[in-house]
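The values are calculated or read from the model by the stated rules, or taken from the named source; none is laboratory data. Values in this document were obtained by computation on a predicted structure and should not be read as measured data. So basically every Cβ, Gly included, is an ideal-geometry build from the backbone, and we count neighbours across all protein chains shown.
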Amino acid sequence: MRIAIIDRGGADRFARANGDAWLHRSGTDAVLLTDPDKVSKSRLSDWSAVLGFPINSEPTLIGMLTALHAGRSLDAVVVFPENLQLPVAQFRTEHGLPGPHTNWVAPFRDKNLMKQVARAGGLRCAPHALVDTPADVAPFLARYGKVVVKPRDGAGSVGVHVLSSTADLDLLPPQLRHHQVEQFVEGEMLHVDCLVRDGSVLHRTVFRYVNSQLEYTTGRPTATAISDDLALQRAADALTSQVLEAFSVRDSVLHLEAFISPDGLVFNEVACRVGGGTINEMVYQLSGYNLMGSMIDMAVGEPSKPDPDWQPGPPAIGDVMFYARPGVFEGMDDAMVPPDWLISRQVFADVGDSVQPLGRVGGSIAQYVVAGSDEEQVRARIDWIREKVTVRVEQPRR
């Protein structure tokens with residue numbers, strides 16, 4: 001098998017519990033395409049090649065895939081960043097490669113088409129409309145009082161605006177082509193992260209967002225925690241079944257979001273990829289399933305199974321993600337966090353590094369996976385960490 005894997009996070013996200021790479025099997029020729037700064041941090045012996053370049057440049061990425069396919073005759077391409085799902089699907093379609101093709105991926109990347117498919121499948125959705133300018137948003141705002149304006153092909157909460165007054169219209173960019181407006185739904189949000197093979201859910205985990213994911217825009221940490229509410233889990237399972245039917249899901253990893261309203265769940269969005277941040281690690285800790293590894297298994301025709309070296313972790317889990325202002329990174333003030341609260345701590349900058357916000361909810365400078373005996377304890381620990389831990393960044397002198 002000759003396979004190309006595209007991921008901006010680098011090679012360390014593909015390790016099994018015993019340290020081996022997920023694709024450590026004989027006869028596999030695996031090339032990793034990642035950002036340049038991740039190449040030196042990759043264990044090169046696990047890969048036929050690790051190629052570093054700005055993978056967010058679609059023309060460059062497709063040019064690289066074309067060259068690889070011409071030289072190696074690729075058998076499969078696996079892509080993890082959401083914004084690259086559709087161009088890679090188009091590449092597969094054009095070259096006759098297996099895996100998700102253009103027509104199937106399109107509803108997961110165009111939020112207008114996504115809502116059409118969801119409604120046709122009987123899912124409850126907030127009212128929405130396509131917009132080109134702030135003037136198009138005004139009637140919707142007048143009708144519903146509070147609305148969300150978002151790019152139809154957005155990811156990572158980038159470019160999302162919440163409006164609750166006509167004055168907020170002035171905060172929108174003058175051109176909103178390829179955007180849509182939706183009624184704002186009050187209440188908490190949940191996300192379901194699941195693995196689907198042959199149309200059946202092998203594993204699913206239901207999490208609740210502790211706070212709005214848009215808080216990253218203000219520099220406040222974002223967080224999520226597993227839900228142990230059985231009624232909410234049953235409702236999430238029913239919603240997931242509807243999504244599988246509506247979107248014709250047979251083999252995929254899904255990241256599904258919904259609003260928790262008094263009269264049931266309201267569908268928000270679904271992505272055919274692994275959730276960002278620490279979601280892959282949290283699902284692994286709870287189940288032994290590596291969702292990123294499972295996407296590779298699908299590409300090479302292997303069954304998805306839990307890691308045989310997995311050891312059961314805590315019964316409840318959550319995460320906290322911290323963000324940095326522009327400047328020089330001086331460190332994390334987190335020595336007061338009890339070690340037994342944490343499953344993992346990752347800091348994505350070295351002291352003295354110049355940092356610049358990445359402008360997306362997954363662009364954290366540090367992330368913590370938090371353990372607990374139940375959801376209540378995990379949430380209490382998350383709240384404590386969000387309050388006590390700080391990011392130290394020296395502001396650039398003018």
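General observations
- Among the residues of region 264-309, those identified as of a type in the set (Val, Ile, Thr) and touching a His at 6+ places or on another chain (Cβ under 8 Å) are 270, 274, 279, 283.
- Qualifying residues in region 354-382 (those that are among the charged types (D, E, K, R) and surrounded by 15 or more Cβ atoms within 10 Å (Cβ to Cβ)) - the one farthest from residue 318 (Cα to Cα): 360
- Qualifying residue in region 195-204 (condition: closer than 30 Å to residue 388 by Cβ and assigned to a strand (DSSP E or B)): no
- Residues of region 299-354 that are under 30 Å from residue 92 (Cβ atoms) and either touching a Gly at 6+ places or on another chain (Cβ under 8 Å) or of a type outside the set (D, E, K, R) (or both): 299, 300, 301, 303, 304, 306, 307.
- If you check 243, 249 for being more than 30 Å from residue 390 (Cβ to Cβ), surrounded by fewer than 21 Cβ atoms within 10 Å (Cβ to Cβ) and touching a helix residue (DSSP H, G or I) at 6+ places or on another chain (Cβ under 9 Å), only one passes: 249.
- Looking across region 177-194, the residues that are over 20 Å from residue 230 (Cα atoms) and surrounded by 22 or more Cβ atoms within 10 Å (Cβ to Cβ) come down to 179, 180, 181.
- For residue 54: the one exception among (1) without any contact (Cβ under 8 Å) to a residue 60 or more places away in the chain; (2) surrounded by 14 or more Cβ atoms within 10 Å (Cβ to Cβ): (2)
- Filtering region 43-78 to residues that are out of contact with any helix residue (DSSP H, G or I) (no Cβ under 8 Å at 6 or more places or on another chain) and among the hydrophobic types (A, V, I, L, M, F, W, C) leaves 44, 49, 64, 67, 68, 70.
- Condition met for residue 249 (in a loop (DSSP other than H, G, I, E, B) and farther than 30 Å from residue 357 by Cα): yes
- Of the set (1) exposed (fewer than 15 other Cβ atoms within 10 Å of the Cβ); (2) within 26 Å of the chain's Cα centre (by Cα), all apply to residue 158 but (1).
- Subset tally (residues that are under 19 Å from residue 349 (Cα atoms) and either of a type outside the set (A, V, I, L, M) or not in a loop (DSSP other than H, G, I, E, B) (or both)) for region 364-385: 5
- Residue count, region 334-375 (criterion: out of contact with any strand residue (DSSP E or B) (no Cβ under 9 Å at 6 or more places or on another chain) and of a type in the set (Lys, Arg)): 1
- Selection of first residues in region 211-232 that are in the same structural domain as residue 367 (by TED's automatic domain parsing) and of second residues that are part of a helix (DSSP H, G or I) and of a type in the set (A, V, I, L, M, F, W, C), restricted to Cβ pairs under 7 Å at least 6 apart or on distinct chains, gives the following pairs, ordered by first then second residue: 223/382; 225/378; 225/382; 226/378.
- Residue list for region 86-114, restricted to those being in contact with a Phe, Trp or Tyr (Cβ under 8 Å, 6 or more places away or on another chain) and buried (at least 21 other Cβ atoms within 10 Å of the Cβ): 89, 108, 114
- Search result, residues across region 147-167 that are of a type outside the set (A, V, I, L, M, F, W, C) and part of a strand (DSSP E or B): 150, 151, 161
- Single match in 154, 99 (criterion: under 18 Å from residue 267 (Cα atoms) and at pLDDT below 95): 154
- Verdict on residue 187 being in contact with a strand residue (DSSP E or B) (Cβ under 6 Å, 6 or more places away or on another chain) and at positive phi: yes
- Annotation note: of 329, 348, the sole residue that is closer than 26 Å to residue 9 by Cα and crowded, with 19+ Cβ neighbours inside 10 Å is 329.
- Residue 70 vs. criteria at pLDDT 95 or above and either among the aromatic types (Phe, Trp, Tyr) or outside the structural domain of residue 268 (by TED's automatic domain parsing) (or both): no
- Test: residue in region 288-308 that is buried (at least 20 other Cβ atoms within 10 Å of the Cβ), outside any helix (DSSP H, G or I) and at pLDDT below 90: no
- Single condition residue 343 does not satisfy, out of (1) crowded, with 20+ Cβ neighbours inside 10 Å; (2) in a strand (DSSP E or B); (3) of a type in the set (A, V, I, L, M): (1)
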